[in-house]
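Take a look at the structure set out below.
Laboratory data are not the source of any read-out in this text; all were calculated from the coordinates shown. Please read all numbers here as calculations on a predicted model, not as lab measurements. Backbone-built Cβ (ideal geometry, glycine too); neighbour counts: all protein chains shown.
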Amino acid sequence: MTFNEPWALSGFADDDGVFVPSRCLARVNPLCLAENLAIEPYIVAHHILLSHAATVQVYREKYKKNEDEKIGITLFIFWFELLSNRTIDIKASKIALDFMFGFNDDVKRRGYFAWSYLDNFQWNVGYTSRWMDPLTYGQYPRRVQNLVGDRLLKFTDNEIKLLKKSYDFIGLQYYTSYYAKPNVYVDPNFVRYKTDSHVNITPYDYNGNLIGEKAYSPWFYIFPKGIRRLLKYTKDTYDNPAIYITENGVDNNNIQPVDEALKDQFRINYYRNHTWNVFKSIKEDKVNVTGYFAWSYIDNFEWNIGYTSDLVCIT
């Protein structure tokens, strides 16, 4: 893999300032230096894409020995469930996917992997620039171009050629899903990357119901159908690429009694429901899922909640 969760660099380092180098406005994060939130995240994302494509080119031309050797990128992604069948809600869901993901016979199942060795240094949530459209088609999504305008850098003809199909597989990291509410007001005097989509991601529907059961992390809601819908969307939108689910798992707090933690029914249910949806995506939707990793062995240090979140499977 060339990059793991590139949106973390373009959004949480250059908009929220959660990650180093903490480039954002003081009104967003008082610990930040004053920078241009309307432009910088897009510059970072743009050059991540180009560096990925250049790395893939070097690998393919100088180091790849046979067709079994693969290179790709892994993307953290939410699924955005429709709030209703109204046109504005359908559009909001598509725009949310554009900003986070696009920046948009039975399949032979080649393998099944349980992610079971190391837990990660987990990020927080947020929007990111489009990834999959440039990597597949050489251009940012039209909806993103229209909303961001001249602040979005343009690719040269040579860069477009370099970007197109610059992966052998896509890694998807799925944990949770949200709704996308349309027509969010944006302060014209405070243009920033995180509000360019004009949608608000929320776990609540119009009736105030949560999209799914709450996990431990403040951003985490359990919605197993989301992983199947995300896989189907990826197949239909990006020419059915080879997909590895490079992360999937659920956390809970670390103060459970040992007897309760050993039963681990909460996590068992999560994996049962999610792997079932992955199986259905392979058998019924014909998605080219080539591997699945369950996050399960060693707990991680998270940016905002330290070691209080357990992601391990107890066996």
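Net charge within 13 Å of Pro182 by Cβ-Cβ distance, Lys/Arg positive one each and Asp/Glu negative one each, not counting Pro182 itself?
Charge balance near Pro182 sits at +4.
Estimate the FRET efficiency between Asn189 and Asn209 by the formula 1/(1 + (r/R0)^6), using the beta-carbon distance for r and 22 Å for R0, to the nearest 0.05.
About 0.05, to the nearest 0.05.
If neighbour count is taken as other Cβ atoms inside 10 Å, put Met100, Met1, Met132 in order from fewest to most.
Met1, Met132, Met100
Could you sort 207-213, 72-78, 161-167, 37-43 so that the peptide with the highest average Cβ count within 10 Å comes first and the rest follow in order?
So the order, starting with the most tightly packed, is 72-78, 37-43, 161-167, 207-213.
Arrange the following residues from fewest to most other Cβ atoms within 10 Å of their Cβ: Asp168, Asp251.
In increasing order of surrounding Cβ atoms, one gets Asp168, Asp251.
Evaluate E = 1/(1 + (r/R0)^6) for Asp168 and His198, where r is the Cβ-Cβ distance and R0 equals 45 Å; express this FRET efficiency to the nearest 0.05.
My answer for the efficiency is 0.80.
So if R0 is 30 Å, what FRET efficiency would Lys65 and Arg142 give, r being the distance between their Cβ atoms, rounded to the nearest 0.05?
Plugging the Cβ-Cβ distance into 1/(1 + (r/R0)^6) gives 0.20.
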